[in-house]
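Remarks on the structure that follows.
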Amino acid sequence: MDNHSKRAQAAARMAAMPLKRILFVCLGNICRSPAANGVMQAIVDAGGDSARWVIDSAGTGNYHTGDLPDHRMRVHARRRGYDLTHRARQVRESDFDDFDLIIPMDASNERTLRRIAPTPEAEEKIVPMAQWIDLSSRYDHVPDPYYEGAEGFELVLDMLENGCDNLYNDLNK
Ligand code: 4NP
């Protein structure tokens, strides 16, 4: 199945659900996925839809369990009006029961999730974030900003705002 039809299939599957439970996943759960979590929550709240969405994030790694998001990401996000207060946690097999859509930021996160998925049906819940992003950039994934400068964090936020808008519109159709 090509990637675009995966996005379309996820949208069709989720649109009928009264409660939309989505999990964003990156490596450390301190930069990209907690930012996606905060951006998506802000969009859902602004749409008056908080009761119909459950949004969370997790990391494939456990190095930062319990930590707030990276200070740099918190500063860049705050400038755009997002207050990131998520505490990092590692992804777990039960996430495939607790969420309907599991969204990795890059191919490495996606491979790890595919290894953890307990069943083929669970694996169908994995759809990469890049599928919802139509900003032009040189990336086919959301790049890890951890070793980058300010532009890296700004690019991630640009990509996430664009992708989360599309995700919200897709799933609310
Ligand atoms: P994230 O960024 O996956 O977007 O949260 C990273 C944060 C920390 C590390 C790697 C990536 N780390 O290796 O500690």
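Any residue in region 5-20 that is modelled with pLDDT of 95 or more, away from the ligand (no atom under 11 Å from the Cβ) and under 19 Å from GLU123 (Cα atoms)? Before you say what the answer is, go through the steps one by one.
So the first thing to find is which residues in region 5-20 are modelled with pLDDT of 95 or more, and the list is 19-20.
Among the residues that remain, those that are also away from the ligand (no atom under 11 Å from the Cβ) are: 19-20.
Still in the list and also under 19 Å from GLU123 (Cα atoms): 20.
Yes.
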Note to self: Just to be sure before I move on: is ARG78 away from the ligand (no atom under 16 Å from the Cβ) and assigned to a helix (DSSP H, G or I) in the structure I sent?
What the structure shows: yes
Next item on the list: Starting from region 148-173, keep only residues that are of a type in the set (Phe, Trp, Tyr), then list their pairs with residues that are open to solvent by 10 Å² or more (accessible area, probe 1.4 Å) and more than 15 Å from the ligand (Cβ to nearest atom) whose Cβ atoms are within a distance under 6 Å, requiring at least 6 positions of separation or different chains.
Entry: TYR168/ILE43
Next item on the list: Output the number of the condition that TRP132 fails; it satisfies all remaining conditions of (1) under 14 Å from the mean Cα position of the chain (by Cα); (2) open to solvent by less than 60 Å² (accessible area, probe 1.4 Å); (3) farther than 17 Å from ASN29 by Cβ; (4) without any contact (Cβ under 8 Å) to a residue 40 or more places away in the chain.
Entry: (4)
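Within region 90-97, is there a residue that is within 12 Å of the ligand (Cβ to nearest atom) and outside any loop (DSSP other than H, G, I, E, B)? Step through it out loud before you land on a result.
First, pick out the residues of region 90-97 that are within 12 Å of the ligand (Cβ to nearest atom): 90-91.
Still in the list and also outside any loop (DSSP other than H, G, I, E, B): 90.
Scanning region 90-97, I find at least one residue that is within 12 Å of the ligand (Cβ to nearest atom) and outside any loop (DSSP other than H, G, I, E, B), so the answer is yes.
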Next item on the list: Output the number of the condition that ARG87 fails; it satisfies all remaining conditions of (1) within 15 Å of the ligand (Cβ to nearest atom); (2) farther than 13 Å from MET129 by Cα; (3) open to solvent by less than 60 Å² (accessible area, probe 1.4 Å).
Entry: (3)
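Does ASN109 meet the test of being touching a Gly at 6+ places or on another chain (Cβ under 9 Å) and open to solvent by 50 Å² or more (accessible area, probe 1.4 Å)? Reasoning before the result, please.
Numbers: touching a Gly at 6+ places or on another chain (Cβ under 9 Å): yes; open to solvent by 50 Å² or more (accessible area, probe 1.4 Å): no.
Considered against the rule, which asks whether it is touching a Gly at 6+ places or on another chain (Cβ under 9 Å) and open to solvent by 50 Å² or more (accessible area, probe 1.4 Å), ASN109 comes out as no.
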Margin query: For region 18-76: of the residues being hydroxyl-bearing (Ser, Thr, Tyr) and touching a strand residue (DSSP E or B) at 6+ places or on another chain (Cβ under 8 Å), which is most open to solvent (accessible area, probe 1.4 Å)?
Written below: THR65
Check: What is the one condition in (1) farther than 21 Å from GLY47 by Cβ; (2) modelled with pLDDT under 95; (3) buried (at least 18 other Cβ atoms within 10 Å of the Cβ) that GLU148 does not satisfy?
Finding: (3)
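Restricting to region 21-35, name every residue that is in a helix (DSSP H, G or I) and either touching a residue at least 60 places away in the same chain (Cβ under 8 Å) or away from the ligand (no atom under 14 Å from the Cβ) (or both). Walk me through it before giving the result.
Step one: list which residues in region 21-35 are in a helix (DSSP H, G or I), which gives 32-35.
Passing the criteria: ARG32, SER33, ALA35.
The values are calculated or read from the model by the stated rules, or taken from the named source; none is laboratory data. Not measured: the values here are computed from a predicted model. Every residue, glycine among them, receives a Cβ derived from its backbone with ideal geometry; neighbour counts consider all protein chains shown. We work out accessible area using only protein heavy atoms, side chains counted, and drop any ligands, DNA or RNA first. Shrake-Rupley method; radii C 1.70, N 1.55, O 1.52, S 1.80 Å.
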